[in-house]
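I have placed the structure first, in the form of structure tokens, so that the comments after it can refer back to it.
The values are calculated or read from the model by the stated rules, or taken from the named source; none is laboratory data. Computed from a prediction, not measured in an experiment: that's the story for all the values here. Please note: Cβ atoms are built from the backbone with ideal geometry, for glycine as well, and neighbour counts cover all protein chains shown. Areas reflect the complete protein model, heavy atoms only, side chains present, ligands, DNA and RNA absent. Shrake-Rupley method; radii C 1.70, N 1.55, O 1.52, S 1.80 Å.
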Amino acid sequence: MMRSGASYLAGLEDRRTVWLGTEQVDSVVRSPAFRNAAQSFARLYDLNRQSQWQSVLTCQDAQSDVRHSRAFLIPRSYADLVSKREAHKRWAEESFGFLGRSPDYMASGLAGFAARPDVFAGGSFDGSANVLALYQRAMEQDLFTAFTITNPKIDKTRSLAQQGALDDIGVRAVRETDAGIFVSGAKTIGTAAIFADEIIVGTIEPLPADDVDYALSFVVSPATPGVSLISRTSYESLARSAEDNPLSHRFDESDALLVLDEAFIPWERVLTYRDVQRTFAMWWDTPAYTNMAHQASTRFWTKLEFLAGLATLVCDSNGSTGNPQVRGQLGRLLGYVQLAKSTVLGAEAGFETRPEDGGAVRLNQEITYAQRVLAGELYPKFIHELRMLCGGALTHLPESVHDLDHPGIGPMLRRHLRSSQQSAEARIRLMKLVWDATGSEFASRHAHYEQFYQGAPHVYLAQMTFTGLPEQYSRFASQAFAAMEKQGADT
Ligand SMILES: Cc1cc2nc3c(=O)[nH]c(=O)nc-3n(C[C@H](O)[C@H](O)[C@H](O)COP(=O)(O)OP(=O)(O)OC[C@H]3O[C@@H](n4cnc5c(N)ncnc54)[C@H](O)[C@@H]3O)c2cc1C
């Protein structure tokens, strides 16, 4: 039987140390800052149990016969990739693409690790059995795993080791015993970490050789003594009501700083240890990254579909849909959505098989990397275009939809804020939704998320040049150039 939302929520009541401002949060399930987002994640678990979605969202494990979330499937064919995308799409539709870190994100990453346990073996520490055990446990218990794989940037000119001489910054083992390691230090940023059952701690960027003390990865439960999660401002807390801030009210997945203070990690939970090469390779030599990007690109496409839908509703509300210029503006947005879709379908169709992947397939790497270029640059533009279609209607909104019921201002609002196409109430509700998606603090964080969650632009743009494409294209251009020169000489 698949895990229920209620069982997921019960698991969060584990006395984890979560800070919001200077207050320690008693329970993320009951806190007014987090409870609605927790419910939104719980709904995804319940969706997996609904009979009409079971065949899309879950599948049978070939070896154990256990039914599990399809996110854990190691894709071995194009058909598997398509089935995984259909599941990612359905989950993303539940939050209109606004839950970036639904549980299927890292579940797909774990499937990527499990496809290549050899990447975790071979050095001074062999984490291959641990990674397979983690994958099996997460799949069987349908665990929600978050990850913190970015080091705090205090002095970018020096390695962590050089900075550590002054202050403990990165995460490292401060003590070793026969049973495991005690770890201290910090990682940024744990999106949805406060809602997760487990957190993968590691480093996705290449570390210099002198950072070997910081070259480790492991999985930790947020309730482990010595683990603190310091949340940013909760937009759920700031939401006035479900009607006034429909998105931030439900889908603020939170971002947190992870601080470890001598937290104990048993050896069975360690994946790489004192190994610069393997700590990096686990993300890039396994299909983990492309698997996670499958969720990310599908979610991004879904989010743009939703935003394009809002744009159409706004134009209908404004009575401007028939205007040729407005049609052009709408057409641009619809075109952008198709570009986002094409990165998903194209990366699937151009899937790659590699001898070392043992039968697993991965999305086309070049298209997957290109999706980051597109998404990072497109999202702010998309939001801008949608706001342009709204005009001032986004800003002359009353404090609350419920002000319409006030005997004093209600009649004035109803009279002056309607459009020829729509009642004031319907229009205010629509515009408040659009503001939450495009102009609120929640919206601003989303724009930042789409530009940074897959790494800083200077990193992922440069990564395009490590794909072999520059060599391939320059060869083409050189040959074409030589052929033109020859033609010129022959004529
Ligand atoms: C909303 C959000 C959610 C996130 N969630 C997670 C998560 O769940 N888990 C996780 O591990 N990480 C997460 N991240 C972190 C994310 O992975 C990092 O923000 C990202 O890798 C960029 O690193 P940085 O923030 O240290 O940026 P930096 O590397 O400091 O870059 C910031 C800017 O500095 C400039 N810059 C810095 N170095 C250079 C250089 N060498 N060359 C040129 N320009 C440079 C560029 O203008 C760059 O855009 C999240 C980030 C955001 C914004």
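Which pairs have Cβ atoms under 6 Å, sit 6 or more apart or on different chains, and link a residue in the range 77-105 that is open to solvent by 40 Å² or more (accessible area, probe 1.4 Å) to one that is of a type in the set (S, T, N, Q)?
From residues that are open to solvent by 40 Å² or more (accessible area, probe 1.4 Å), the pairs are Glu93/Thr302.
For the range 144-155, which residues satisfy the criterion of being modelled with pLDDT of 95 or more and crowded, with 21+ Cβ neighbours inside 10 Å?
Listed by number, the residues that qualify are Phe144, Thr145, Ala146, Phe147, Thr148.
Could you tell me which numbered condition Thr298 fails, if it satisfies all but one of (1) polar (S, T, N, Q); (2) open to solvent by 10 Å² or more (accessible area, probe 1.4 Å); (3) in contact (Cβ under 8 Å) with a residue 24 or more places away in the chain?
(2)
Of all residues in the range 453-469, which are in contact (Cβ under 8 Å) with a residue 12 or more places away in the chain and within 10 Å of the ligand (Cβ to nearest atom)?
Tyr453, Gln454, Gly455, Pro457, Val459, Tyr460, Leu461
What residue, of Ala242, Ala256, is of a type outside the set (Phe, Trp, Tyr) and within 19 Å of the chain's Cα centre (by Cα)?
Exactly one residue qualifies, and that residue is Ala256.
Between a residue in the range 236-257 that is farther than 19 Å from Phe96 by Cα and at pLDDT 95 or above and any residue that is among the polar types (S, T, N, Q) and open to solvent by 30 Å² or more (accessible area, probe 1.4 Å), which pairs come within a Cβ distance under 7 Å, given they are 6 or more apart or on different chains?
Here the result reads Leu257/Thr188, each pair linking the range 236-257 to a residue that is among the polar types (S, T, N, Q) and open to solvent by 30 Å² or more (accessible area, probe 1.4 Å).
Just to be sure, is Leu47 in contact with a Pro (Cβ under 9 Å, 6 or more places away or on another chain) and open to solvent by less than 40 Å² (accessible area, probe 1.4 Å)?
For Leu47, the condition - in contact with a Pro (Cβ under 9 Å, 6 or more places away or on another chain) and open to solvent by less than 40 Å² (accessible area, probe 1.4 Å) - is not met.
Of the residues Arg332, Arg354, which single one is free of Cβ contacts under 8 Å to residues at least 12 places away in the same chain and over 14 Å from Ser297 (Cα atoms)?
Just a single option satisfies the conditions, and that option is Arg354.
Tell me the residue from Gly439, Gly410 that is in contact with an Asp or Glu (Cβ under 7 Å, 6 or more places away or on another chain), modelled with pLDDT of 95 or more and not aromatic (Phe, Trp, Tyr), please.
Gly410
Which helices (runs of 4 or more DSSP H) sit wholly inside the range 384-491 and have at least 2 residues that are open to solvent by 80 Å² or more (accessible area, probe 1.4 Å)?
Those helices (runs of 4 or more DSSP H) span 410-416, 424-438, 441-452, 469-490.
May I ask you to list the residues in the range 237-276 that are on the phi > 0 side of the Ramachandran plot and small (Gly, Ala, Ser)?
Scanning the range 237-276 gives a single hit, Ser254.
Report, ordered by the first and then the second residue, all pairs with beta carbons closer than 7 Å, sequence separation of six or more or different chains, a first member in the range 187-214 that is modelled with pLDDT of 95 or more, and a second member that is basic (Lys, Arg) and within 14 Å of the ligand (Cβ to nearest atom).
Pairs found: Thr191/Arg101; Ala192/Arg101; Val201/Lys187.
For the range 1-86, which fully contained helices (runs of 4 or more DSSP H) count at least 3 residues that are under 29 Å from Ala340 (Cα atoms)?
Where helices (runs of 4 or more DSSP H) fall fully within the range 1-86 and carry at least 3 residues being under 29 Å from Ala340 (Cα atoms), they are 35-49, 51-57.
Suppose we filter Gly100, Gly109 for residues that are touching a Lys or Arg at 6+ places or on another chain (Cβ under 7 Å) and within 16 Å of the ligand (Cβ to nearest atom); which single one remains?
None of the other options fit; the residue is Gly100.
Of everything in the range 256-274, what is open to solvent by 20 Å² or more (accessible area, probe 1.4 Å) and either in a strand (DSSP E or B) or not hydrophobic (A, V, I, L, M, F, W, C) (or both)? Give them in sequence order.
Residues satisfying the conditions are Leu257, Val259, Asp261, Glu262, Phe264, Pro266, Glu268, Arg269, Tyr273, Arg274.
Of all residues in the range 108-150, which are outside any helix (DSSP H, G or I) and without any contact (Cβ under 8 Å) to a residue 24 or more places away in the chain?
Ala121, Asp126
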